[in-house]
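First up is the structure itself, then whatever we jot down about it.
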Amino acid sequence: MDWRWFGLKTAAHALALLPAVLLINKALNDRLGADPIAALTHQTGEWALRLLLLSLAMTPLRMLVKQAWPIRFRRLLGLYAFFYASLHFAVYLFLDLGSGYWSQIGADILKRPFITVGFTAWLLLLPLALTSNRWMMRLLKKNWQRLHRLVYAIGVLAVLHYWWLVKSDIREPLLYAAILALLLGIRLFAHLKVRRTAV
């Protein structure tokens, strides 16, 4: 076992779980503010988006440092993005909508665009999380890479979900949109460069 990578992965798990631990601590000590459900919804959603963007940043980081180590963290960050997205969805479903969620969720998804795109992003994340192991990579072969390209669409939907949710002060969604555009732009530039070289 490579103890150096074991230590780094352990630290990465701890850091990724820290926001959830802090949220639980705030909830138990009644420190989530006047609207605790809104605070939980907002913070779990933000951490899902941050970790999704971090996972997308691993490939450009590998290009920049010309080393393979960032890719070791890409799957871990992607799974934690799904974890926080699922927490975000669960808070909305069980705490915000409450006991009548089954009757209301369908109407919300159809009639409220920010919920439509948010739910779509979560649905698209689900198969990526389920196929993130090496066994599924071997089973799906080239189709695995095609499937996991959905992460680009998920990033766009997640930013759009946040943008439409905020409505007034769009500075934070704009920052996330700019980061996403930069990350996707780097990938597109690298792809076009490879194609020009191959011609």
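List of remarks:
- Residue count for the range 44-84, restricted to those that are polar (S, T, N, Q) and surrounded by 20 or more Cβ atoms within 10 Å (Cβ to Cβ): 2
- Cβ pairs under 7 Å, 6+ apart, first in the range 138-156 and touching a residue at least 12 places away in the same chain (Cβ under 8 Å) and closer than 13 Å to Gly78 by Cα, second loosely packed, with under 15 Cβ neighbours inside 10 Å and not hydroxyl-bearing (Ser, Thr, Tyr): none
- Ala16 being closer than 16 Å to Tyr80 by Cα and not aromatic (Phe, Trp, Tyr): yes
- Residues within the range 151-173 that are closer than 23 Å to Thr59 by Cα and surrounded by 14 or more Cβ atoms within 10 Å (Cβ to Cβ), tallied: 10
- There is at least one residue in the range 95-118 that is within 21 Å of Gly155 (Cα to Cα), surrounded by 18 or more Cβ atoms within 10 Å (Cβ to Cβ) and β-branched (Val, Ile, Thr).
No value in this document is a laboratory result; all are computed from the given coordinates. Given the structure is predicted, the values throughout are model-derived calculations rather than measurements. Counting neighbours? That spans all protein chains shown, and the Cβs are built from the backbone with ideal geometry, glycine included.
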